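A.B. asks: Attaching a single structure in structure tokens format; questions to follow.
None of the figures in this text is laboratory data; all of them are computed from the coordinates on show. The model shown is predicted, which means the values in this text are computed figures rather than measured ones. FYI the Cβ positions are ideal-geometry reconstructions off the backbone, even for glycines, and counts take in every protein chain you see.
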Amino acid sequence: MEEKRLTELELKFTEQEHTISELSDMVNRQWQEIEVLKRKLVSAHDRILSLEDTMPATPDAEKPPHY
């Protein structure tokens, strides 16, 4: 009886160890993807700012005379 109980505990431990390893790998992949997305976001933001700097200034606040 005691040996059966010990075997069951060992099996549960092995399953949990496997699950923890899979979750750790998943978190690592997600972290890497987040880092890639952050770099892309910064790049897109920089491009938008660059485009805004090259656009001619327009008086957005002024309404056309027919208003």
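A.B. asks: Give the order of ASP25, ASP53 when sorted by the count of other beta carbons within 10 angstrom, beginning with the fewest.
C.D. replies: ASP53, ASP25
A.B. asks: Here is a follow-up. Can you pull the Rg over Rh of the chain, Cα-only, Kirkwood?
C.D. replies: Ratio of gyration radius to Kirkwood radius: 1.62.
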